[in-house]
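Below is one structure, written out as structure tokens, with a few remarks after it.
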Amino acid sequence: MVFFLEPRIGAGLSGYCAEMAGAFVCAALGIEPTVRHSDYIGAWLDIMRADDRAIVRAASAASRAADYLLAFRDAAGAEARGALIERRAA
């Protein structure tokens, strides 16, 4: 199990970060989120209340994960645009 938060707050908190990152990626791509995101994230509220900084650290980790994933889309988009420009120039 990979943990993003220190001190470790229960097993599976990385799942919370992953779910939040998924919600961030969906929002960035314009994908309509499902109720599952909010239900799953809401289930962690009791755990998050035990450490008032946990949600900030979790959101930060989720944001970094989403940025990492979205960078692949941006790089692929830039590569595709470059290829299109080259084809038009030829």
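Nothing in this text is a laboratory measurement; each read-out follows from the coordinates by a stated rule. Owing to the predicted nature of the structure, the values given are computational and were not obtained by experimental measurement. Neighbour counts are summed over all protein chains in view; Cβ atoms, including those assigned to glycine, are modelled from backbone coordinates with ideal geometry.
Sort 61-74, 18-31 for me by packing, meaning the mean count of neighbouring Cβ atoms within 10 Å per residue, highest on top.
Ranked from most to least packed, the peptides come out as 18-31, 61-74.
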* **Karplus (6.51, -1.76, 1.60) ³J(HN,Hα), θ = phi - 60°, over segment 42-58, in Hz, Gly and Pro reported as x** => x, 5, 8, 4, 4, 5, 5, 5, 5, 9, 5, 9, 4, 5, 5, 5, 5
* To do: Work out from phi, with θ = phi - 60° and the Karplus expression 6.51 cos²θ - 1.76 cosθ + 1.60, the ³J(HN,Hα) of each residue of segment 60-73, listed in order in whole Hz, and give x for Gly and Pro.
  => 5, 5, 5, 5, 5, 5, 5, 4, 4, 5, 5, 5, 5, 5
